Structure formats: structure tokens, C-alpha cells
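K.L.:
Structure provided below as C-alpha cells; questions to follow.
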Amino acid sequence: MFEQIAFYIFSVLTIGLFLVTVFSKNVLYAMTSLASGMVLIAGFFFLVGADFLGVVQLIVYVGAVMALYAFGMMFFNVTKDLKEKTTSNIWVMIVGVSVALLMTLMFGGVVNPEAIYASLPINSNMTNPQAVGMALFTKYLVPFEVAAIMLLIAMIGGIILAGKKMDTSLTNIEDEELQRKDVK
Amino acid sequence: MAHIEEHKETQIAQTEKQNYVMLNLGKTPDYGMPAFIQVVKRSLSLELLKGLGVTFREMINGLFRGKMHTTKYPFEKLPIAPRYRAIHEMLRLLESGHYRCIGCGLCEKICISNCIAMETRYDENQRKEVSEYTINFGRCIFCGYCAEVCPELAIVHGGRYETAGEQRAGFSLFEDMLTPIDKLKEQKEFAGFGSVSPNADENIKKTPLAY
Amino acid sequence: MDALMIGTIIKILIILLIVSAIAGFGTYIERKVLAFMQRRLGPMHVGPFGLLQIAADGIKLFTKEDIIPQNANKFIFSLAPTITAATAFIAMAALPLFPTFTIPEALPLIGGAIVPSVIADINIGILFILGTMAAGLYGPLLAGMAQSNKWGILGSARTAVQFLSYEVVTGLSVLAPIMLVGSLSLIDFNDAQIGGIGSWLIWQQPVAFILFLIAGFAETNRTPFDLLEHEAEIISGYVTEYSGLRWGMFFIGEYTNMVTISIIAAVVFCGGYNDIGFVSGWLLFILKVVFFFFLMLWVRAAWPHVRPDQMMWLCWKVLMPLAVVNVVITGIIIML
């Protein structure tokens, strides 16, 4: 009973917030609603008893990913509404509708409950993090490691791209030298 | 540049006099192995904890060894220097008790912020008498010119420094600044520039009234 | 309504009332301690030893004009302080404070209620707290961006950078004790250290403890790392345009986070609320939390601020590698 009420409240709020994200012309509103939508998604995880995933959702998406977006948003003037450049409304409509159709078809195959089965059923002897760990390090070990290597490569790439001028610090350059550089 | 160097030199001379120890920390290495070694050395020698120790020692000193610095200002006041330039005082002659001001108007003339206003007239003895005298302390910058120019040492600076007011203009009347007649005995002579010579008593004469 | 339910409600009330009172009292303590360390007296004149200064400050905050700048985004501007305060208190939900106890039957109404040590004993307690505190970064972030003030923007940029970086260190430093205990629940942490001072995790994980303290200082925006509102550089950072109660909510959030970090440090590394010999666990727990709170004020009196680039350097080049090495070594030792 409580679960159902909570589920519907969370659903309405999440969909509403993500709609705000899409339709709002104000960067600040879009960002805030996206972040709070992410928090509510964590709520869904808590509802089905996947505490660990819920907290990971909270830490990764709310704490890290969205904060990085927000950092990018600092370069906008958030007090003004954004004018979006939509070159062709027809194309936007076609792509949008086809994506929606595709999603409906994808989930439509799963709608009958018979088609849903758990490939790794929940073992009630294990706590949440243990269950996640078992799934990650037994059945999905190779994808997990591949993802890890991908992230490592991305990290090294990021460091190389950003780290070219890391050894020169502006604070250690004398003022006169700095001014000479400005003249050049 | 020269004056800056000179200034530095005097400062160094002063620090030497005060027994300060100049730490020669050398140049801080910027990168590479020396920087790493320095960081490790500083972390392992627990320099940060020494800083914590100093503050804790000071707290013990303050709390239990009676070394608190606080002056509870409105209740306790620190003594100020005798030549401090605060609210003006009008002095009286020691013998007669008459005010010293002769109404010459020099202070009004010299005042660079135009805060002194005075009116004079001749009294029944044909002696110049101050009928109006105000200082606007909202304008006064306490430069001290009035006290310096006064030929009779009638206007001097006193020690009352609490001059905060609610309005821009705050006028002080002659009678407010004048030494009360019953406190004439406690009137202190200003000891600074232009003060009365030690044998002033012998030199005092009545101002000649007949011109 | 069973006994546990009533007890939980009592616990919620205790935490809400006491912690928000502590947040107010903390300002008084902070001013006093800082004053003593600089050999001053601190607040003295309102009430005995200035104790009523808190009430005076409260009255001032409540009655102050609530200013919203003209070009600010009003909705987000008024939302941001509640985020800070709310996340700080939500994090408290998974914190064990005292041993579980039963209220004596003699009391009317609430007699017999079992007050649990944790409001919500979820089995991932410590991650939940860290996650909620991570979500708390939206308070300063949105506040700075909504107020259309350059100092605010700088403050929120620093918020994003600082909190993001130090979350990594907090997580990694707590990971090593988690591996030793084998659980994410703070109750289990407490129970693992039941055998007196010798069994405290701080002796097994000194590096993790120091890393956690440093990262905790950064996450609660305390002095060596209080770049978010560094007065000398960016006026007041993200709170530049705030006044009155809204500013007060940021304040309450910050002090609640300080209490949270102190409690985590006490539970994870310093033996939690276990009795030692005849000394009651309640008293010891309060003493530990008070010590960590005092440490934060002590550090504020002793150490200067760091520059933003020094802070980033410290996080990514020193603390994070150390934390990773610590985790790896712990893992190897567990495997052996």
C-alpha cells in the first residue's frame, strides 16, 4: 500500500521534473530539476529494496555527474532565458516520435510478466552490496573489467589533454615576466 | 627605489633591536624530487601539529595564567598619550579663572575644515569677549592647527576621544569645552609645542587695556 | 503503534531538536574557543559568560530583512538554503548516536518505548550518509548560481570543484575500514570495536583516519579548506547575497555537517558508543564527538587557508594516491 502510493508519487514527480528539464528555457531550472529527478530515481531503488544501487545513484549521478554538468553551466548567464537554435522543427518531431516508438516497442516485448525472469535471482542470505559484488565479479566480470579499462583510458586521455601546462604555475611567474608575455 | 631600500634597512635595524629571529628558509623547490622530499619531510616532522601546539599553549596561558589581552572597553580604558589630539578644551587662566581666549580669531582663520565659528564683541571694560564660539565636530579633522596657532594656549586638545554621534553635525559650545571653574585646580597644562615656559608665572601681566 | 515506532519518533525529535540547538550553541562555542586561543574573552555581556548571545543572534537573524536581489532567480534562490539544511539532517538519519535503550515504564504516554540507536538502520548506512552529504553540495552550488553575483558564481564554482574532489578521498579512506569490518552499517562498525581502546580501528587504519579527517574538513567547509566563502578572496562566496533566516539555514547546515563528520569519525575509527570498563558509552561518545568538534575549531585558530590550486594539488596528488595505496595494502593484508 505504502509502496504503491510512494511509487506513484515518485513517478509523477520524476516525469514532471524531467519534463521541466526538457521544456524549460532557463538553464538553472533545467539543471535543478534534472538533479532532483536523479534523487527521486534513487527513491525507486530504495522502494524495491536495492539500497546499495540507490545510494550509488545518489553518489554518482547526483553527487558527481550532475555537479560536473553544473560546473559546465557556470559559463552561461543563468539569469537569462536561453534561445534555442532549432533549425528544423520537422526533423525534431520525426526523430522524437521515432525514438518514442522504438522505446515503446522495446518495452512492449517485456510488458507481459511471463517474459520477465531474473538471470541472477536474489539470494536472501546476502546483503545488498554482497549481492551486487557477486553479480559483478562472477557473471559480469569481463564487461566490468572492460568498462574499468575504458574508464582508465578516458582518465589518462583527460590528464594528457589537460596536463600540458601543468608544470607552469601562474603564481610562480614574476609579475614583470607575466606582463612581457601579455605584450607578446 | 632608494627610499624603499632605506625604509627596509630601518626596518631590519628595528627587528634586530627587538631580537626577532629571521628564519632563512631558502628557496622553495617548485617541482621534481626536491619538492617531493620537502613535502615528505614537512609532513613527517609534524610541523602542522606544532602550530596546533602554539595555539593550545596560548589558550592555557590566557585561561589559567591570567594573560588575557581583552580590555573591556566601555568599562576599562587604556591610558592615552599626553599629546593625543582629541576633543578640544578651552583653558582658563590659573590666577583669575578668566578664560584665556582673547578672541583674536586666528583659530577660526586657520581651520582648514571650516569647523570653528566665533563671534566677539567688546565688553564694558573694552576688553574683547567671546560671545559665540562653536566647533562642529562633524567636520573637525583634528589636525591640531587651531591649538598650534593659538597665541595664548587657550585652545588645546584634550583626551576625550569618544566622538561618535548620531548626526553629521555635532556642535560643541564654548562653555562645554571650557574648564569648569571648580575644577580649575585640576587643569593640566599642555606640555607640547608652544607650551608655557617654566617661568611663565613671572611673565604673566595684565593685558593693557588702553590702546 | 508499537514500541519501536514511538521510540523512532522520539529519536527523530531528539535529533532534530538537539542537533539544531547544537548548531546554534556551536557558534557560541566556536567564538569562545577562537577567542581563548587568541587570548581574548569572546562574547561576555549577554547573559552569564555571554551564554545568551545565541538568543541575541537568533533574534537578530529572525528579524533581519530578507533581501532577494533584483536579478536573482527567486525560486532557486529561496530553495538553495533548504537543500543545505535538509540534506544535513537527512544524513543524520543513518547515524548511530547512543546505545539502544528503553524508556522506563513509569513514564506516561511514552513509557516502554524502545529508542533505537539509529533512526533508519539500513545496511548501507555509511554510504547513505556520504551520498546525502554529496547531494548537499547543491545548496551552495545553486545558491551561488541563482544570485547573479560574481562572487556567488566564484563561490559555487569552488563548491563544485572542492566537494567533488574530496568526496573521492572520503569514500576511498572509509573504504579500508569497511573492508576490515566487512559491512557498511555503522552499527556493525560499532560492534566490531567492542573490546576497549585496543580494538579501535584507528590503530589499524591510522592513514585512513587522517585522510578521512582532512577530507571531512574539506567537505564541511572548515578552515584550512573554507574556500567557498573565503572572506579575503571572494567576499562571502555563495552566501554573499543572503541575509536573515536563509543565511541562518546555511549556517545550521554547516554546523550539522560538522557534527555528522565528528560522529562518523567517532563511530568508524574511535570505538563508537561502547563502554570502556565502568565508563558509560554515552559519556564516552559525547566526549569523542566534542573532541572532534573542538579539533575543528582548534585547527581554525591555528592554521591558515590554502589556495585553491594547493587544495586541488593536495587532493589529487597526495591524498587520493595515499588512499588508493592504503586500500590496496589493506586488501593484501586481508588476503594473507
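The values are calculated or read from the model by the stated rules, or taken from the named source; none is laboratory data. The structure presented is a predicted model; accordingly, all values stated were derived computationally and were not measured. All Cβ positions, even for glycine, are placed from backbone atoms using ideal geometry, and neighbour counts span all protein chains on display. With ligands, DNA and RNA removed, areas are computed over all heavy atoms of the protein, side chains included. Shrake-Rupley method; radii C 1.70, N 1.55, O 1.52, S 1.80 Å.
K.L.:
Taking the C-alpha atoms of region C:3-335, how large are the radius of gyration and the largest Cα-Cα span, Dmax, in Å?
P.N.:
For region C:3-335, the Cα-based Rg and Dmax read 20.4, 61 Å.
K.L.:
Let me ask something else. Which length gain, in nm to one decimal place, applies between A:ILE15 and A:LEU141 when the Cα-Cα distance is subtracted from 0.36 nm times their residue separation?
P.N.:
42.0 nm
K.L.:
I'd like the interface area for chains B and A: accessible area of each alone minus the complex, both sides summed, 1.4 Å probe, protein heavy atoms only. What is it in Å² to the nearest 100?
P.N.:
Rounded to the nearest hundred, the buried surface is 100 Å².
K.L.:
Please list log₁₀ I(q)/I(0) at q = 0.11 Å⁻¹ for region C:139-223, using the Debye equation with identical point scatterers on the alpha-carbon positions.
P.N.:
Per q value, in the given order, log10 I(q)/I(0) is -0.43.
K.L.:
Once the Cα atoms of helix B:32-44 and of chain B are each reduced to a long axis, what angle between those two axes, in degrees from 0 to 90 to the nearest 10, is obtained?
P.N.:
The angle comes out at about 80 degrees.
K.L.:
Quick one: which of B:LYS72/C:LYS64; C:LYS11/C:LYS64; B:LYS77/B:LYS185; B:LYS72/B:LYS183; A:LYS83/C:LYS150 span more than 26 angstrom between C-alpha atoms?
P.N.:
B:LYS72/C:LYS64; C:LYS11/C:LYS64; B:LYS72/B:LYS183
K.L.:
Check cross-link reach from A:LYS85 to the lysines: straight Cα distance under 22 Å, and skip same-chain residues fewer than eight apart.
P.N.:
Correct list for A:LYS85: A:LYS25.
K.L.:
Report the longest stretch of chain C that contains none of the GluC sites (Glu not before Pro) sitting in a DSSP loop with at most 11 other Cβ atoms within 10 Å.
P.N.:
On the way: sites that count: C:GLU65, C:GLU105.
Of all site-free stretches, the longest is C:106-336.
K.L.:
Rounded to the nearest 20 debye, what is the charge dipole size of region B:55-198 about its Cα centre when +1 sits on each Lys and Arg Cβ and -1 on each Asp and Glu Cβ?
P.N.:
800
K.L.:
Which one, C:ILE261, C:ILE129, C:ILE15, has the greatest fluctuation when you compute a Gaussian network model over chain C with C-alpha springs under 10 angstrom?
P.N.:
C:ILE15
K.L.:
Which of B:THR134, B:GLN187, B:TYR145 sits closest to the plus end of the dipole of region B:88-197, meaning its Cα is farthest towards the positive end, when Lys and Arg get +1 and Asp and Glu get -1 on the C-beta?
P.N.:
B:TYR145
K.L.:
Near the amide H of B:HIS88, under 5 Å away, which other amide H atoms are found, from residues 5 or more places off or on another chain, if H is placed in the peptide plane?
P.N.:
The list, which skips near neighbours in sequence, is B:GLY158.
K.L.:
Stretch C:ILE9-C:ALA86 to full length: gain in nm at 0.36 nm per residue minus the Cα-Cα span?
P.N.:
Full-extension gain reported as 26.0 nm.
K.L.:
Separate question: Take the Cα of B:LEU184, step 7 Å along the line toward its Cβ, and report every residue of region B:87-105 whose backbone nitrogen sits under 14 Å from that point.
P.N.:
Only B:91-101 pass the distance filter.
K.L.:
To test your reading of the geometry: what angle, between 0 and 90 degrees and rounded to tens, separates the Cα axis of helix B:47-64 from the longest principal axis of chain B?
P.N.:
For B:47-64 against chain B, the angle is about 40 degrees.
K.L.:
Further, regarding this structure: What's the magnitude of the charge dipole for chain C around its Cα centre, counting Lys and Arg as +1 and Asp and Glu as -1 at the beta-carbon? Answer in Debye, nearest 20. Numbers along the way, then the final one.
P.N.:
Details: 16 positive and 19 negative charges, 153 e Å.
Here chain C has a charge dipole of around 740 debye.
K.L.:
Another question, if that's okay. What is the sum of charges around B:ILE87, taking Lys and Arg as +1, Asp and Glu as -1, for the other residues whose C-beta is under 11 Å from the C-beta of B:ILE87?
P.N.:
In short, -1.
K.L.:
Roughly how many Å² is the accessible area per residue of the protein assembly as shown, as a whole number, for a 1.4 Å probe?
P.N.:
Accessible area per residue: 61 Å².
K.L.:
Ballpark to the nearest 100 Å², how much total accessible area do C and B bury together, probe 1.4 Å? Walk me through the numbers before you get to the answer.
P.N.:
Numbers: alone 15960 and 17160 Å², together 31570 Å².
Buried: approximately 1500 Å² between B and C.
K.L.:
Let me know the charge dipole size of the protein assembly as shown about its Cα centre in debye, to the nearest 20, where only the beta-carbon of Lys, Arg (+1) and Asp, Glu (-1) is charged. Please list the in-between numbers first.
P.N.:
Working: 53 positive and 58 negative charges, 137 e Å.
So the dipole magnitude of the protein assembly as shown works out to roughly 660 debye.
K.L.:
Report in % the part of the accessible area of the protein assembly as shown that belongs to carbon and sulfur, leaving out ligands and nucleic acids; probe 1.4 Å.
P.N.:
On the way: 29520 of 44460 Å².
Accessible surface attributable to carbon and sulfur in the protein assembly as shown totals 66 percent.
K.L.:
Further question on the same structure: Provide the per-residue ³J(HN,Hα) series for region A:151-158, in order, calculated from phi with Karplus coefficients 6.51, -1.76, 1.60 and θ = phi - 60°, each as a whole number of Hz, with x at glycine and proline positions.
P.N.:
5, 5, 4, 4, 5, 4, x, x
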